[in-house]
């Protein structure tokens, strides 16, 4: 993307971002709530109006109809039907995508929900509902996954297992953009994008970021960048 500018409700949410993401990377988008992470993700999947700039995704303009089967998107709020079972939700989305019905079993196993396949979504915990949304995004083997805080509310074991899954997907060439406000998840990422107030403070690997700021971890690095004006 180049020269990205987003204005919402008369306020400038993103004043200008230049960004390129390579294929097969797990890219962590880190920053506090309100930093613009979700807005940037909405731009990438083509559901956010932009005031200026260009955004290209997998060689096409963001939001192009041909990208609907190439991009998986998980929002912060679970985007599934509460009155349907887990399996019914996934079979429905698989039909929309033209994915094989057998793909439902694959994604259920991937997010550890096979034993809950027949349960109605309304009876699930918040973390389980988030996993149903993630399973839906994995259907059809998309080339890009845009995941908005997918590990919020999950126990440490499941968080670890999901990050292991993200790594395996990246190894097959899938690109993942994963947002989080939990700084310790940075160690799981190939590359980090640090945001604050709609601005990109850093675009680097974790070792590069720590060397640049002379700090021991990503949280201290973020604070150093904020106090130093992003330098």
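The values are calculated or read from the model by the stated rules, or taken from the named source; none is laboratory data. Bear in mind that the values here come from a model prediction, so they are computed numbers and not experimental data. Neighbour counts run over all protein chains shown; Cβ positions are idealised from the backbone, glycine included.
For the reader, a short list of remarks on this structure follows.
- Checked against the criterion of being surrounded by 15 or more Cβ atoms within 10 Å (Cβ to Cβ) and in a strand (DSSP E or B), the candidates 194, 209 yield just one match: 194.
- The condition (being more than 14 Å from the chain's Cα centre (by Cα) and either closer than 23 Å to residue 36 by Cβ or not in a helix (DSSP H, G or I) (or both)) is satisfied by just one residue among 184, 164: 184.
- If the condition is being crowded, with 16+ Cβ neighbours inside 10 Å and either touching a helix residue (DSSP H, G or I) at 6+ places or on another chain (Cβ under 6 Å) or modelled with pLDDT of 95 or more (or both), then the stretch 80-101 contributes 80, 84, 85, 86, 87, 88, 89, 90, 91, 93, 94.
- Qualifying residue in the stretch 175-185 (condition: farther than 28 Å from residue 82 by Cβ, surrounded by 17 or more Cβ atoms within 10 Å (Cβ to Cβ) and at pLDDT 95 or above): yes
- Of all positions in the stretch 165-172, at least one carries a residue that is assigned by TED's automatic domain parsing to the domain that holds residue 40 and more than 25 Å from residue 68 (Cβ to Cβ).
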